[in-house]
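Encoded as structure tokens, the structure appears first; notes follow it.
The values are calculated or read from the model by the stated rules, or taken from the named source; none is laboratory data. Everything numeric here is computed off the predicted structure, so don't read it as measured data. Here the Cβ positions follow ideal geometry from the backbone for every residue, glycine too, while neighbour counts run over all protein chains shown. When the accessible area is computed, the model is the full protein with side chains, heavy atoms only, and any ligands, DNA or RNA have been set aside. Shrake-Rupley method; radii C 1.70, N 1.55, O 1.52, S 1.80 Å.
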Amino acid sequence: MHAPVLVLQDSLKRESGAKVRYAVIQAAKAVADVVRTTLGPRSMLKMLLDAQGGIVVTNDGNAILRELDLAHPAAKSMIELSRTQDQEVGDGTTSVIILAGEMLHVADAFIDKIHPTVICRAYTKALEDAIAVLDKIAMPIDAQDRGIMLGLVKSCIGTKFTGQFGDLIADLAIDATATVGVEIGQGLRDVDIKNYIKVEKVPGGQLEDSRVLKGVMINKDVVAPGKMRRKIVNPRIILLDCPLEYKKGENQTNAELLKEEDWNLLLKMEEEYIEEMCMQILKFKPDVVITEKGLSDLACHYLSKHGVSAIRRLRKTDNNRIAKACDAVIVNRPDELQESDVGTGAGLFEVKKIGDEYFAYIVDCKDPKACTVLLRGASKDLLNEVERNLQDAMSVARNIIKNPKLVPGGGATELTVSAALKQKSSSIEGIEKWPYEAAAIAFEAIPRTLAQNCGVNVIRTMTALQGKHANGENAWIGIDGNTGSITDMKERKIWDAYNVKAQAFKTAIEAACMLLRIDDIVSGIKKKQAPGGSGSSKPKIETEADADNEQILPD
């Protein structure tokens, strides 16, 4: 008697699982549709209102999705994809969302007929084969060749807002990454963009005035402008991360003074302590002293008397960059200073005024392993977008330095992968054949979106492209994002970095597999108790508001 009931319950559960999966797919498609129009050089810009009420104008997929406030957990998971892609390779943030959305969209047709585990197995197989195709068509290049590097970075950021300014951003990116690149053995180079390249945005001037400094620039002035020099050639620089002032007592320190002279004695001890510290520094004949902490008036007096310029309260990250640029060592205590800690690599220390603010330059360094990119432009909104594009360009340059391989852009890679997977799907036996074929079709979303954003006839263009790739005519045939014409990507120099494409494929397919295997969404948030409901047994925690409402009885 119980068997039919169990079967009914099981079918209800399956129904609810299918419904949840359908809702997940719809949420993922909605996120993909938000950024779909921002793919390619003829893409549209989005104007966003951020949390602080400011305006962001961008076509960067990650920047757009970062500002979205979505309630559906699957949509939030999709947004996380673009952040992962941005952190890992710095480019392809829009492509990964469109690809993941399409992978889920094509699975929609058989989600209630084929078990999600089977679909995921077919997708994983498709990913392995897609990476194999990438390896086959990838073209190795010489990362030392500036012409090739410039062409690649330009083609990767040609879709961005700054594409209209020609080689400017690509030049800045290549110069900056070449400056901070360090050899890590076996012919490999490492480029730390986050820690050793600082982008300083100064509104005013023209974008063409932007440049990469052979050193560091910080938004600081010397402590005593009238007494200290603002220009020093070949300076000796000492970097500290300790305060040059009298150490304050721990917590609440009480000093009991019995005689009037004791007060003077106390002050004298403080003065002697500061003087001793300054003398330990002055032993090494520095020209510039920079500290992350405070610097007292007395210390300022001793330093300026000996012709030393001083800067205080510098950020830790800026101090690290200065150390890398002028070959100095940051010292914790003045009495531990050595001659080898003094930075002698800088050619010029200068304080300049730009607009209303003073900036200290430590430039013309002999072998800087850190640099500052100075961006000038008409407005803050423009500079913010230029900075986002520059970060992407630097990431592309770093990817090429790390893994010097190219793949065709303009959707040619996706079409080649799609054609190869379609061909292979005929040899796959069993039920996995259908999701595998669907994954092959999903790769066509990228060239199709490019065609849509160009404003050409999508069906005619896609049919022509599929025909050229089906017979294996040329793996480099793709769509020119500016004109919408079908051309050879090698001739037009429309390329993508191998790392970016491989990471996009992996992230999109793995995320699609994860979302397909969701059969229930459970809320972990406790609902507020309805008024008039039975009181809970848990003790009530009083808040300040409750205390304020209580009447205090008189004694």
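Among the residues making up region 71-109, those that are over 20 Å from the mean Cα position of the chain (by Cα), open to solvent by 50 Å² or more (accessible area, probe 1.4 Å) and touching a residue at least 40 places away in the same chain (Cβ under 8 Å) are 72, 73, 105, 109. Looking across 371, 365, one residue alone is open to solvent by less than 20 Å² (accessible area, probe 1.4 Å) and in contact with a Cys (Cβ under 8 Å, 6 or more places away or on another chain). It is 365. One residue alone among 135, 86, 108 is assigned by the TED database to the domain that holds residue 489, among the acidic types (Asp, Glu), outside any loop (DSSP other than H, G, I, E, B) and over 25 Å from residue 152 (Cα atoms), and that residue is 108.
Sort through 441, 401, 446 and tell me the only one that's more than 21 Å from residue 107 (Cβ to Cβ) and either in a helix (DSSP H, G or I) or among the polar types (S, T, N, Q) (or both).
Going through 441, 401, 446 in turn, just one is more than 21 Å from residue 107 (Cβ to Cβ) and either in a helix (DSSP H, G or I) or among the polar types (S, T, N, Q) (or both): 401.
Residues in region 199-207 include at least one that is open to solvent by less than 100 Å² (accessible area, probe 1.4 Å), modelled with pLDDT under 90, under 40 Å from the mean Cα position of the chain (by Cα) and on the phi > 0 side of the Ramachandran plot.
Residues that are outside any loop (DSSP other than H, G, I, E, B) and not hydrophobic (A, V, I, L, M, F, W, C) within region 196-232 comprise 196, 198, 200, 201, 203, 204, 208, 209, 211, 231, listed in sequence order. I'm checking my understanding of the structure. Among residues of region 1-43 that are at pLDDT below 85 and part of a loop (DSSP other than H, G, I, E, B), which one is least open to solvent (accessible area, probe 1.4 Å)? Here the residue is 40.
The condition of being open to solvent by 10 Å² or more (accessible area, probe 1.4 Å), closer than 22 Å to residue 90 by Cβ and not hydrophobic (A, V, I, L, M, F, W, C) holds for only one of 339, 350, 387, 437, that being 387. Would you confirm whether any residue within region 228-247 is open to solvent by 70 Å² or more (accessible area, probe 1.4 Å), in contact with a His (Cβ under 9 Å, 6 or more places away or on another chain) and either farther than 30 Å from residue 180 by Cβ or among the acidic types (Asp, Glu) (or both)? No - not one qualifying residue is present in region 228-247. When 484, 478, 467, 472 are checked against the criterion of being of a type outside the set (S, T, N, Q) and part of a strand (DSSP E or B), a single residue qualifies: 478. Figure legend. Inter-residue proximity from region 362-385: first residues modelled with pLDDT of 85 or more and part of a loop (DSSP other than H, G, I, E, B), second residues surrounded by fewer than 17 Cβ atoms within 10 Å (Cβ to Cβ) and basic (Lys, Arg), beta-carbon distance below 8 Å, spacing 6+ or different chains. No pairs are indicated. For region 44-65, a residue qualifies if it is in a loop (DSSP other than H, G, I, E, B) and under 12 Å from residue 385 (Cα atoms), and the qualifying residues are 45, 59, 60.
Count, please, the residues in region 269-313 that happen to be open to solvent by 10 Å² or more (accessible area, probe 1.4 Å), closer than 13 Å to residue 238 by Cα and among the aliphatic types (A, V, I, L, M). Going through region 269-313 one residue at a time, the tally reaches 1. Is it true that residue 323 is within 30 Å of residue 248 (Cα to Cα), open to solvent by less than 20 Å² (accessible area, probe 1.4 Å) and over 32 Å from the mean Cα position of the chain (by Cα)? No; evaluated as a whole, the condition is false for this residue.
For residue 416, indicate whether it is over 21 Å from residue 96 (Cα atoms) and at pLDDT 90 or above.
Working: over 21 Å from residue 96 (Cα atoms): no; at pLDDT 90 or above: yes.
Answer is no for this residue.
As a summary of the residue check, residue 264 satisfies the conditions (1) open to solvent by less than 20 Å² (accessible area, probe 1.4 Å); (2) modelled with pLDDT under 90 except for the one numbered (1).
Out of the residues in region 208-218 that are open to solvent by 30 Å² or more (accessible area, probe 1.4 Å) and under 23 Å from the mean Cα position of the chain (by Cα), which is nearest to residue 354 (Cα to Cα)?
Out of the qualifying residues, it is 211.
If you go through region 487-525 and keep only what is under 18 Å from residue 475 (Cβ atoms) and within 23 Å of the chain's Cα centre (by Cα), you end up with 495, 496, 497, 498, 500, 501, 502, 504, 505.
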